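All remarks here apply to the structure that follows.
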Amino acid sequence: MTTVTPRSLGIAIAGCWLAVSLAATADAPAPASPPPAEQAAAASSTTAATDKVADDPTICKKTPVTGSRVRTNKICMKKSQWEAMSRNSQEYMKGVQRNGAPQPGGEGLPAGG
């Protein structure tokens, strides 16, 4: 019988949340290219775009693969995406602690027990 600890539950939920957020960003359609007049205007604002990129660097993290002691997955996202995922995970866990974990039948456990 497997024992589920609060830490392992938190890791599992964070991993699921990461997979869902990555899948959602991967399914986003590519934006259409703007008309030439808008491209000229956009070219003048390239310095603003490079400043924005410098403020939001890409951060890569390695996460352990379940069932392996050595293998890891490398996940790269922008700093703002990591922060948003962290906020969403924290809000979800606060809701679980407040309302109880969701059950397969759709009913939550009573809070505190």
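The values are calculated or read from the model by the stated rules, or taken from the named source; none is laboratory data. Owing to the predicted nature of the structure, the values given are computational and were not obtained by experimental measurement. Here the Cβ positions follow ideal geometry from the backbone for every residue, glycine too, while neighbour counts run over all protein chains shown.
If the condition is being of a type in the set (D, E, K, R) and over 27 Å from LYS62 (Cα atoms), then the range 75-105 contributes only ARG98. Select from the range 55-69 the residues that are farther than 14 Å from TRP82 by Cα and in a strand (DSSP E or B) and list them in ascending order. Answer for the range 55-69, where residues must be farther than 14 Å from TRP82 by Cα and in a strand (DSSP E or B): just PRO64.
Please go through the range 54-72 and give me each residue that is loosely packed, with under 12 Cβ neighbours inside 10 Å and modelled with pLDDT of 90 or more, ordered by number. Those that are loosely packed, with under 12 Cβ neighbours inside 10 Å and modelled with pLDDT of 90 or more: PRO57, THR58, CYS60, LYS62, VAL65, THR66, GLY67, SER68, ARG69, VAL70, ARG71, THR72.
Contact annotation: residue pairs with Cβ atoms under 7 Å, 6 or more positions apart or on different chains, pairing a residue in the range 78-100 that is of a type outside the set (S, T, N, Q) with a partner that is surrounded by fewer than 12 Cβ atoms within 10 Å (Cβ to Cβ), are LYS78/THR58; LYS79/PRO57; ARG98/ALA111; GLY100/PRO110; GLY100/ALA111.
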